[in-house]
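Here the structure comes first, spelled out in structure tokens, and everything after it is commentary.
Just so it is clear, none of the values below were taken in a lab; they were calculated from the coordinates. Nothing here was measured: the structure is a model prediction, and the numbers come from that model. Heads up, the Cβs are rebuilt from the backbone with ideal geometry, glycines too, and the neighbour counts pull from every protein chain shown.
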């Protein structure tokens, strides 16, 4: 069966319990979930799934209730209650990543769900390891080692697998500002573990004026583990909506919305292809007082630096001076590098720049065994019509070695390729 498409709208952040609740509201099997959670080799917790109303909106609430012995003292709880806990210290069982993966392996999760749960824990583990400056195997988690976080992540993995989700769209994670108190003292928001996850996995983040932590490490790890796309299709149908309630109250409701969506795959593929068909930067400079040698060397330098195209166009400048207009096409991220070369290698004192789009045909370079030996051939495909272009340097080298004209070799290679493809 074809997988489903999920869109997480994280405008109020994301946490483990919010993500689980949103998927439950989408229709994940609650009875099967409770059975899976009962197979976790851990004690001291129970789960409540209920409907709650936040700012007049009905949402699903997933709540892990711990007994006093297993009470979680991670930064989420410290922030939630707004003060540093004063309590009788119990002996807490610290767990490392290996312990947690062993626990996951002994649950009744499917293999896919076990792999996902393990992936989420590993993402948090790496982030916590970097944040605290310790080796991965030495990390004893103050959050993911807590029973409620284990339950949250196992529950999410089950729900995600149960719904048959294949593609996940997460445009951005919305985060608050300020500071929170945790076991390690006062930390800035976003906390270091969240920053590490966002940075390592290339998640988009949007900082708002909300005072408080909207994105938890577990929430960020879930997003990093399941996100396949950050750009939504321009048009889609909403099949079903799930709302997951958060535990905190801000000026806007703490709700994670999850949408099952449908769209035309061919249309989206065409959009992606069009968008990947390149937005490039075009640089132009009029030059009337550089020598031919200088201009030739500048072209070489630009190509070596990664320019997509470089060419000169004869023109007339002020006072009817004959000159050349230098045009460079480059990737947007290479603009500054190209401008530096132009200023260094030519006499121009100004560069015009514009962003422009170009349409590019599908092409690939193949190494083909031909009657002349191995030759690099550029294969261009346009509407299922193939064109072949032997590599200049290869044809030139064959011509030097055989004495056969360049044109004859080129034409014979093109004709040969047409018989092979």
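Values for this structure:
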item	result
Crossing angle, helix 147-163 versus the chain [Cα axis fit, 0-90 degrees, rounded to tens]	60
Ranked by how many other beta carbons lie within 10 Å on average, peptides 396-403, 59-66, 359-366 from highest	59-66, 396-403, 359-366
Nearest 10 degrees, 0 to 90: helix 217-226 Cα axis against the chain principal axis	50
Packing-based order for 301-309, 191-199, using average beta carbon neighbours within 10 Å, highest first	191-199, 301-309
The range 98-198 shape via C-alpha gyration tensor axes, a/c threshold 1.5	oblate
Relative contact order %, the chain, counting alpha carbon pairs below 8 Å whose residues are six or more apart	18
Three-way shape label, the chain, alpha-carbon gyration tensor, a/c 1.5	prolate
Nearest-ten-degree value, helix 16-26 long axis tilted from longest Cα axis of the chain	90
Cα-projected label distance for residue 380 with residue 112, points at 7 Å along beta-carbon direction, nm	4.3
Cα gyration tensor category, rounded, prolate or oblate, for the range 362-420 with a/c compared to 1.5	prolate
Ranked list, fewest to most other Cβ atoms within 10 Å of each Cβ, for 99, 51	51, 99
Burial ordering of 282, 386, 114, fewest other beta-carbon atoms within 10 Å first	386, 282, 114
For the range 277-357: relative contact order, % (alpha-carbon pairs under 8 angstrom, 6 or more apart)	48
Bins of 5 Å, starting at 0 and running to the largest distance - Cα pair percent for the range 277-357	3, 16, 29, 25, 15, 8, 3, 0, 0
Ranked 18, 325, 227, criterion: other C-beta atoms within 10 Å, fewest first	325, 227, 18
Alpha carbon centroid spacing (whole Å) that separates the range 286-361 from the range 146-209	45
Normalised contact order of the range 362-420, rounded percent, pairs of Cα under 8 Å and 6 or more residues apart	24
